[in-house]
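My questions will all concern the structure given below.
The values are calculated or read from the model by the stated rules, or taken from the named source; none is laboratory data. All values derive from a computational prediction rather than experimental measurement. Here Cβ is always computed from backbone atoms with ideal geometry, including for glycine, and neighbour counts include all displayed protein chains. Please note that ligands, DNA and RNA were not included when accessible areas were found on the heavy atoms of the full protein model with its side chains. Shrake-Rupley method; radii C 1.70, N 1.55, O 1.52, S 1.80 Å.
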Amino acid sequence: MKMLDYVVMANSRLRENLARAVELTDPLVKAFTASASAAVRIVASGSSRHSADCARDYMQDILGMQVAVVTPEAFIDREHVFPRDAFTMVISQSGFSTNSIAALDFIRGGGCGEGVQSVAITGNPSAPIRDHADVVVDYGVGVESVDFVTMGVQTLVEFLMLFALYASHVIGRISGERVDRELRCFESAFDAHAAALRACEEWMDEEKLTLSRRVPACVVGNGPNYGVAEEGALKLNECIKITAMHSEGEEFVHGPQMQLTPDSLLFMLDDPRGSERLANLHAQFRTVTKGAFFITAHPRGIEGELAIPAPTNPLMCAIPNLVAFQYLAAQKTEELERWEMHPYVRALRDTIGTKADGYEDSIHALEERAKDQYGQ
């Protein structure tokens, strides 16, 4: 199985998980309602944090309460105090992330108060994280054997949104009718995701040479699309091995835009409900570089647009919009043979120590399971 296989296969997994949404989210919903919390705090790093940022606006809207997203380091140092009375969940997709394990140990040690449960969300409930949590929740990614997660990101965004939906219903904030309406919105998001796969395939073919530039890149987005921008920049960095930054729209034009040249790559994500400001900025940056692209559900017929349909609920826009960067990273890393990192960096992997012991063995085990499950 290759990375692009998982990018495509995510659509089926999203639909499968929606069909068992109650079962999937029930352990986390029960832990949340038992806590009687007035806010939610998500502790995560890397792609897990980006997934939370993609889902956060939807979660806040449906729950009617603050949802904070913090890194494990910030959580341990200072971000465990506010918001007060927050239900805290720690995410590690692999279940091996040492900083997430440290955050769980901090909770168990009384860092958030006596008697507070340490709650872990993971795609691998048999990983070492299980020994550091009172509640371990499998969010339903299934088998993804490529270290550069894509299907895992999509299913985590879906899971967090579904958790918020069912938790909101259990605490009496929304009706069963609203739940049914939102479930139909998920279906529309998955339809948009499928359309995005087709659009990105055409886009990659049309812009093959421009998208192959080995130059610094900027990814810009607001709201849920800020999470997409974070994950997009990460995929450009870790897969294609080009320097990439992420930014909100107005932050970008307050300095970072000054680095643009005719050789630059710039990916701007339109706001969920459309933004004339961002569309106009893209049109202006297009006069600087033909490597400027505008990812939008509200096409205006301007150069450099990549049209991806909007879900019925615009706050779910990250689900289709993530496809652009997942597809780009998967295809270009393969075509340009960029999988290998510099030998000096590769030599540091064991000494940096971001994963608990046994991580490499777990990847090999996933590869074997992928062969058995997918036949490849």
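Relative to the longest principal axis of the chain, what angle (0 to 90°, nearest 10) does the C-alpha long axis of helix 359-374 take?
80 degrees
A further question follows. Quick one: dipole size for the chain, taken about the Cα centre, charges +1 on Lys/Arg Cβ and -1 on Asp/Glu Cβ, in debye to the nearest 20.
360 debye
I'd like the carbon and sulfur percentage of the solvent accessible area for the range 1-69, probe radius 1.4 Å, heavy atoms only, ligands and nucleic acids excluded.
In the range 1-69, the share of accessible area belonging to carbon and sulfur is 48 percent.
Let me ask something else. Select from G110, G142, G123 the residue whose mean-square fluctuation is largest in a Gaussian network model of the chain (Cα-Cα springs shorter than 10 Å).
Maximum fluctuation in the GNM of the chain, among the listed residues, is at G110.
In Å², and per residue, what accessible area does the range 169-257 have when probed at 1.4 Å with the other protein chains present?
On a per-residue basis, 44 Å².
Tally Lys/Arg at +1 and Asp/Glu at -1 over every other residue whose Cβ is under 15 Å from the Cβ of N280; what's the total?
-3
Could I ask something else about it? Please report how far the C-alpha centroid of the range 174-231 lies from that of the range 297-352, rounded to the nearest whole angstrom.
9 Å
What is the local net charge at K208, summed over the other residues whose Cβ is closer than 12 Å to its Cβ (Lys, Arg +1; Asp, Glu -1)?
-4
Assuming a ≥ b ≥ c are the square roots of the Cα gyration tensor eigenvalues, decide whether the range 224-267 counts as rounded (a/c under 1.5), prolate (otherwise, with a/b larger than b/c) or oblate.
In terms of gyration-tensor shape, oblate.
Residue farthest toward the positive end of the dipole of the range 168-320, with Cβ of Lys/Arg at +1 and Asp/Glu at -1: which of V228, T312, A192?
Towards the positive end, the residue furthest out is V228.
How many lysine pairs are close in the chain, with Cα atoms under 23 Å apart and the two 8 or more places apart or on different chains?
Value for the chain: 17.
Another question, if that's okay. Given a 1.4 Å probe, how much area per residue of the range 13-57 is accessible, in Å²?
Accessible area per residue, the range 13-57: 35 Å².
Where does the chain land at 222 nm, in deg cm²/dmol rounded to the nearest 500, when only DSSP H runs of n ≥ 4 count, each adding -39500 (n - 2.57), divided by all residues?
-15500 deg cm²/dmol
Of Y58, I302, S47, whose Cα points farthest to the positive end of the dipole of the chain (charges on the beta-carbon: +1 Lys, Arg; -1 Asp, Glu; origin at the Cα centre)?
Of the options given, the answer is I302.
For the range 212-296, what relative contact order do you get, as a whole percent, if you take Cα pairs closer than 8 Å and at least 6 residues apart?
Reported relative contact order: 33 percent.
Further question: With an 8 Å Cα cut-off and a minimum separation of 6 or more residues, compute the relative contact order for the range 140-242 in percent.
17 percent
May I ask you to derive the relative contact order of the chain, considering only C-alpha pairs under 8 Å and at least 6 residues apart, and to give it as an integer percent?
20 percent
E177 versus A74, label points 7 Å from Cα toward the beta carbon: distance in nm?
Modelled inter-label distance: 3.9 nm.
If one computes the Cα centroid of the range 236-294 and of the range 1-17, what distance in Å separates the two points?
28 Å
Within the chain, which is the longest segment that contains none of the GluC sites (Glu not before Pro) sitting in a DSSP loop with at most 14 other Cβ atoms within 10 Å?
Answer from the scan: 115-302.
Now, a different point. According to a simple spin-label model (label point 7 Å from Cα along Cα-to-Cβ), what is the distance in nm between Y344 and A36?
5.8 nm
Rounding to the nearest 10 and keeping the result within 0 to 90°, find how far the Cα-based axis of helix 276-285 lies from the longest principal axis of the chain.
That works out to roughly 50 degrees.
Name the shape class, rounded, prolate or oblate, that the alpha-carbon gyration tensor gives for the range 199-301, where a ≥ b ≥ c are the square roots of its eigenvalues, rounded holds for a/c under 1.5, and otherwise prolate holds if a/b is larger than b/c and oblate otherwise.
Since a/c stays below 1.5, the shape of the range 199-301 is classed as rounded.
Which percent of the accessible area of the range 280-336 is formed by carbon and sulfur heavy atoms (probe 1.4 angstrom)?
Carbon and sulfur: 53 percent of the exposed surface of the range 280-336.
Take the alpha carbon gyration tensor of the range 68-178, find the square roots of its eigenvalues, order them as a ≥ b ≥ c, and report rounded if a/c is under 1.5; if not, report prolate when a/b exceeds b/c, else oblate.
Note, shape of the range 68-178 comes out oblate.
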